[in-house]
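> Below you'll find the structure I mean.
The values are calculated or read from the model by the stated rules, or taken from the named source; none is laboratory data. A quick note: this is a predicted structure, and the numbers were derived from the prediction, not measured. In this analysis, Cβ positions are derived from the backbone assuming ideal geometry, glycine residues included, and neighbour counts consider all displayed protein chains. Surface accessibility is based on the protein's heavy atoms, side chains included, excluding ligands, DNA and RNA. Shrake-Rupley method; radii C 1.70, N 1.55, O 1.52, S 1.80 Å.
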Amino acid sequence: MQVREETNIDIVSSSDAKEIEKLDISVVIPVLNEEQSIEELTTRIVDVLESLGMRFEIIYVDDGSDDNTAEEIKKIKTREKRVKLVRFRRNFGKAAALSAGFAQAKGDLILTMDGDLQDIPEEIPKLIEKLEEEDLDLVSTWKYPRVDPWGKKIASKLFNYVTGKIARIGLHDFNSGFKLYRKEVVREINIYGELHRYIPVLASRRGFKVGEVKVKHAPRKYGKSKYGWDRFYKGFLDLLTVLFITKYTRRPLHLFGLVGLIFFTAGFLINAYLAYLWFNNHSLSDRPLLLLGILLMLIGIQVLTTGLLGEMITYKNFKRQDSYSVKEIIE
Ligand code: UDP
Ligand code: MG
C-alpha cells in the first residue's frame, strides 16, 4: 500500500500514471459516515464486476466522515488492491466528492453509486448493457419501486416531474446517484455545489446521448440519510442555474436584455399614463401603492439577476480543484 500526502497540484500531474494502467470501469462512491456498509458493498461490487470479466477499480471518496469509514476502507484495501481512497479534510458535499473521484478515475467507463447499499450492485450489468446496446454516453437510473418514506417519494415525484418538464429531458429520477458514464462525459462536465443531479441535463445539452434504465432499490440498512427537505428547493434553484449556464453563459444579454426591456417598457407605459393624467390636471400625489409595486418588482429582479450573474462567474472561473481539498490519496 502506497500512502502519499497530496497537494492538489500533484493530483493534476498524476495523470501520467493513467496512461499506463488501462481499466474498463471505475466505480466512484462518495461516502459520508457509511462505516457499516463499506465491507458488504465492496464484496458485492467485486463479485459482479469479476463475473463480467472487467478490469476495474473502486474509488471511495470519504467526504469528511467522522466515524470509521476511512479506516474501514483502508482495512479492506489491504486484501483488495483495486480499492482506492480519496479522503477529504472535511465535508465538501457529494458533488465535490464525485468530482474528486472523477479526477482519479482511469476507466473507460465510470460508474457512480451511493455508499449506503441502496443502489444494488447486482444491477450494474443492466446499466452497462443499456449503454452498449443503445450506444449511449450516459445511463441514468430510475429506482422502481422506490423504498423511501412516502413523504420523500411524493416530494421526489413532484420534483422530478417539474424538473423534467423544465429541463426538457425525459428522466424519471434526477436524484439518483446510480449512473454510468463514458469517460468523455466526465472529462467535459464540471460540477460544483449540488449540481451533480443535473449532470444528465448538462451532458445532454452538450450533445451527449443520455438514457435511463429501471433498477431495483433497497432500503437504507445502516445509518441515516444525509439529505432533508431542503434538497428540493435547493434542487429547483440549481435547475435555474443549469438552464442559465447552458443557455445564457455566452449571450447573457438575451436574458438580461429581455427582462430589462420588459421592465423598462412597463415603467415607460406607466409613466406615460401618469404624464397623461398630469397634463389633464390630475394630482399624482396619492398613488403610493403603485410606487411600492414598482419598487418591489425592481428589487426582486435585481436580486435575481445578481444571483444569476454570480452563478455565471462561478461557472466560468470554476476549477475542479477549487471545490475541495484532499488530505490523502491511497492507491
Ligand atoms: N454523501 C456524501 N456527502 C454528503 C452527503 C452524502 O458523500 O455530504 C453520500 C452518502 O454517504 C451516500 C450518498 O452520498 O453514499 C447518498 O446520500 P444519502 O444516502 O444520504 O442520500 P439519499 O439516499 O437519502 O438520497
Ligand atoms: Mg441513500
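> Please find, within segment 165-176, the residue that is nearest to A218 (Cα to Cα) out of those that are at pLDDT 90 or above and not hydrophobic (A, V, I, L, M, F, W, C).
S176
> Would you point out which residue out of T314, T306 is open to solvent by 40 Å² or more (accessible area, probe 1.4 Å), within 30 Å of S65 (Cα to Cα) and either at pLDDT 80 or above or part of a helix (DSSP H, G or I) (or both)? Let's see the steps before the verdict.
On the way: T306 fails: within 30 Å of S65 (Cα to Cα).
Of the residues listed, the single one that is open to solvent by 40 Å² or more (accessible area, probe 1.4 Å), within 30 Å of S65 (Cα to Cα) and either at pLDDT 80 or above or part of a helix (DSSP H, G or I) (or both) is T314.
> Further question: Being away from ligand 2 (no atom under 15 Å from the Cβ), closer than 30 Å to K327 by Cα and open to solvent by less than 30 Å² (accessible area, probe 1.4 Å): is that true of G115 here? Even if it seems obvious, please write down each step before you answer.
On the way: away from ligand 2 (no atom under 15 Å from the Cβ): no; closer than 30 Å to K327 by Cα: yes; open to solvent by less than 30 Å² (accessible area, probe 1.4 Å): yes.
Criteria not met by G115.
> Would you confirm whether any residue within segment 26-37 is among the charged types (D, E, K, R), assigned to a loop (DSSP other than H, G, I, E, B) and modelled with pLDDT of 95 or more? Before the answer, list the steps.
Filtering segment 26-37 for residues among the charged types (D, E, K, R) gives 34-35.
Remaining after also requiring assigned to a loop (DSSP other than H, G, I, E, B): 34-35.
This time we only want the ones that are modelled with pLDDT of 95 or more, so: 34-35.
Within segment 26-37 (the criterion being among the charged types (D, E, K, R), assigned to a loop (DSSP other than H, G, I, E, B) and modelled with pLDDT of 95 or more), the answer is yes, since at least one residue qualifies.
> Please find, among I199, I245, the residue that is away from ligand 2 (no atom under 16 Å from the Cβ), assigned to a helix (DSSP H, G or I) and touching an Asp or Glu at 6+ places or on another chain (Cβ under 7 Å). Walk me through how you get there before you give the answer.
Values: I199 fails: touching an Asp or Glu at 6+ places or on another chain (Cβ under 7 Å).
On inspection, the qualifying residue turns out to be I245.
> Looking at (1) in contact with a Lys or Arg (Cβ under 8 Å, 6 or more places away or on another chain); (2) within 16 Å of ligand 2 (Cβ to nearest atom); (3) within 28 Å of E39 (Cβ to Cβ), which one does S99 not meet, given that it meets all the others?
In the conditions (1) in contact with a Lys or Arg (Cβ under 8 Å, 6 or more places away or on another chain); (2) within 16 Å of ligand 2 (Cβ to nearest atom); (3) within 28 Å of E39 (Cβ to Cβ), S99 misses (2) alone.
> Restrict the check to segment 67-75 and report whether at least one residue is near ligand 1 (Cβ under 10 Å from one of its atoms) and either at pLDDT 95 or above or open to solvent by less than 10 Å² (accessible area, probe 1.4 Å) (or both). Please lay out each step first, then the result.
Initially, segment 67-75 is screened for residues near ligand 1 (Cβ under 10 Å from one of its atoms), giving 69.
From the residues that got through so far, the ones that are either at pLDDT 95 or above or open to solvent by less than 10 Å² (accessible area, probe 1.4 Å) (or both) too are 69.
Yes: one or more hits.
> What residue, of K126, K153, K143, is away from ligand 1 (no atom under 15 Å from the Cβ) and open to solvent by 10 Å² or more (accessible area, probe 1.4 Å)? Spell out the reasoning first.
Details: K153 fails: away from ligand 1 (no atom under 15 Å from the Cβ); K143 fails: away from ligand 1 (no atom under 15 Å from the Cβ).
Criteria check complete, one pass: K126.
> Look at segment 177-196 and say how many of its residues are part of a strand (DSSP E or B), open to solvent by less than 30 Å² (accessible area, probe 1.4 Å) and either at pLDDT below 95 or away from ligand 1 (no atom under 16 Å from the Cβ) (or both).
So the first thing to find is which residues in segment 177-196 are part of a strand (DSSP E or B), and the list is 179-182.
Adding the requirement that they be open to solvent by less than 30 Å² (accessible area, probe 1.4 Å) leaves 179-181.
From the residues that got through so far, the ones that are either at pLDDT below 95 or away from ligand 1 (no atom under 16 Å from the Cβ) (or both) too are 180-181.
Number satisfying all stated conditions: 2.
> Please verify whether segment 142-149 includes one or more residues that are modelled with pLDDT of 95 or more and either more than 24 Å from G93 (Cβ to Cβ) or not acidic (D, E) (or both).
Going through segment 142-149, the residues modelled with pLDDT of 95 or more turn out to be none.
No, there is no match, as no residue in segment 142-149 is modelled with pLDDT of 95 or more and either more than 24 Å from G93 (Cβ to Cβ) or not acidic (D, E) (or both).
> Something else about it: Looking for whichever is over 26 Å from I166 (Cα atoms), open to solvent by 60 Å² or more (accessible area, probe 1.4 Å) and of a type outside the set (S, T, Y) here; the options are K209, K221, K214. Which one fits?
On the way: K209 fails: over 26 Å from I166 (Cα atoms); K214 fails: over 26 Å from I166 (Cα atoms).
Step by step, each of K209, K221, K214 is checked, and only K221 is over 26 Å from I166 (Cα atoms), open to solvent by 60 Å² or more (accessible area, probe 1.4 Å) and of a type outside the set (S, T, Y).
> Yes or no: segment 73-80 includes at least one residue that is more than 16 Å from ligand 2 (Cβ to nearest atom), in a loop (DSSP other than H, G, I, E, B), hydrophobic (A, V, I, L, M, F, W, C) and touching a residue at least 24 places away in the same chain (Cβ under 8 Å). Spell out how you get there, then give the answer.
Of segment 73-80, the ones more than 16 Å from ligand 2 (Cβ to nearest atom) are 73-80.
Pick out the ones that are also in a loop (DSSP other than H, G, I, E, B) and you get 78-80.
Add one more test, that the residue is hydrophobic (A, V, I, L, M, F, W, C), and what stays is none.
No: segment 73-80 contains no residue that is more than 16 Å from ligand 2 (Cβ to nearest atom), in a loop (DSSP other than H, G, I, E, B), hydrophobic (A, V, I, L, M, F, W, C) and touching a residue at least 24 places away in the same chain (Cβ under 8 Å).
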